[in-house]
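Okay, so here's the structure we're looking at.
The values are calculated or read from the model by the stated rules, or taken from the named source; none is laboratory data. The shown structure was predicted, so the numbers you read here are calculated from the model rather than taken from an experiment. Glycine gets a Cβ as well: all are built from the backbone with ideal geometry, and neighbour counts include every protein chain shown. Only protein heavy atoms, including side chains, enter the accessible area calculation; ligands, DNA and RNA are left aside. Shrake-Rupley method; radii C 1.70, N 1.55, O 1.52, S 1.80 Å.
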Amino acid sequence: MNKNEIKTKHGNINLPAFMPDATYGSIKSISFKDATDSGVKEIVTTTMHIEQNIGSEFIKDFGGIHKFFGWNRPILTDSGGWQVFSLIQRTKGNSKNFITEAGCSFIDSNNGQQFLLTPESSMQIQFNLGSDLMTVLDDPILGDASFAERKECVRINTVWAKRAKQKYIDLTPTLSLKGEGDHPLLGSVIQGGNDYELRKQSANELLELDFDIYNFGGLPLHTPVSWKSESEEGFFHDILKYVSDLIPDNKYKYAMGVGQPTDIAYCVDVGWDLFDTVLPTRNARHGYLYVSEGQGEDTKRYKKLSHDVIRIKKELYEKDDRPIDETCSCEACSTVSRAYLRHLIRINEPAGFRLATIHNLTFYSKWMEDIKQQ
């Protein structure tokens, strides 16, 4: 095992690595060629949304998810657990959406039918897709849930991980004869909410099952967090370091949903290898752009790494004829002014969303390279 890279059938992932979310099989507002031109080398896609909207059997018959997407680089698939969790949280009181030891039962919004996602079916879906990095079904929990709820979450999470691992073994009968890169890698998700002891319990139980990747899951929502400075990291940073320290260095570490550029830099310092978030793409569509220090407003800093942001909808940029970032050579910075991009974003023009997304992903790609140089 080389902690500087992850070997897959579709290329190696150089670590640390950031993966944009291709939630429904695409990165919003741009093509995969745009993504490649922006420096993106690996992506994450969402198991449940793909299964519900396209169907993993269809994709299997088509020749796999890489062929279907036209993306011959590494793809990580999540388990579907977070999407089901979000659905159940939004519909509390609806007895048709619930979690039991068997799995997640919910109403499919596409056809109104009852659907059961189990550890085994989640694995089967991901094998049908043919992804390079897979995730076992997990049971997320809100940070402010009761202790009893968080403890039950950890118990179910371990039970599901055991079942998913067995299904994975069943689907890879020659696993012991292959080396890394010849088979999909499997990750499990450490849960426990905002409780350090439950996080430790979850980690220890999952480590006994020997996964390739260990994920930080279920961000402690509704917990006060300070992002102001390195010396004021807040609870969120503390628990990320704590969980990273629980995972042996010979395992890959994936901080799911992280995050802002300075948070990624912090997490790399404390041992995390993989990251994904919708922030660069979602923020782009809202006119929130990441730029080099000295090129914008509101500087964000972590140790020697720093950047500015631009809120392009501000009147400040109405007549600004400069590129978004004079140090960036992406398509957006090479072709349009801040004033024109502001106009496009304000009228909800798709071309503006595309250009802003290309820029933010280019920034994230460069940011990851800057981290590697530290």
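A few notes on this one:
- Among the protein heavy atoms of the chain, carbon and sulfur supply 49% of the accessible surface, probe 1.4 Å, non-protein parts ignored.
- What the Cβ-Cβ distance of Asp321 and Lys200 gives, at R0 = 56 Å and to the nearest 0.05, is a FRET efficiency of 0.50.
- In this structure, the amide hydrogen of Gly187, modeled 1.01 Å from its nitrogen in the peptide plane, lies closer than 5 angstrom to those of Met134, Thr135, Val136, Ile213, counting only residues at least 5 positions away or on a different chain.
- Accessible area per residue was computed with a 1.4 Å probe on protein heavy atoms; Asp182 scores about 80 Å².
- Those Cys residues of the chain for which no other cysteine Cβ falls under 4.7 Å: Cys104, Cys153, Cys267, Cys330
- Dipole axis of the chain (+1 Lys, Arg; -1 Asp, Glu on Cβ), positive-most option in Val189, Ser244, Phe69: Phe69
- Once semi-axes √(5λ) of the Cα gyration tensor in Å is calculated for the structure shown, the corresponding label among (i) 34, 23, 21; (ii) 35, 29, 18; (iii) 72, 21, 16 turns out to be (i).
- Ordering of 152-164, 289-301 by packing [mean C-beta count within 10 Å, highest first]: 152-164, 289-301
- If R0 equals 41 Å, the separation of the Cβ atoms of Asn110 and Tyr340 corresponds to a calculated FRET efficiency of about 0.60.
- Most tightly packed first, judged by the mean number of other beta-carbon atoms within 10 Å of their residues, the peptides 38-47, 195-204 read 38-47, 195-204.
- For the chain, the per residue solvent-accessible surface stands at 44 Å², with DNA, RNA and ligands left out and a 1.4 Å probe.
- Cα shape, the range 280-374, gyration tensor, a/c 1.5 rule: prolate
- Qualifying chymotrypsin sites (Phe, Trp or Tyr not before Pro) for the range 1-66 [loop in DSSP, other Cβ within 10 Å: at most 14]: Tyr24
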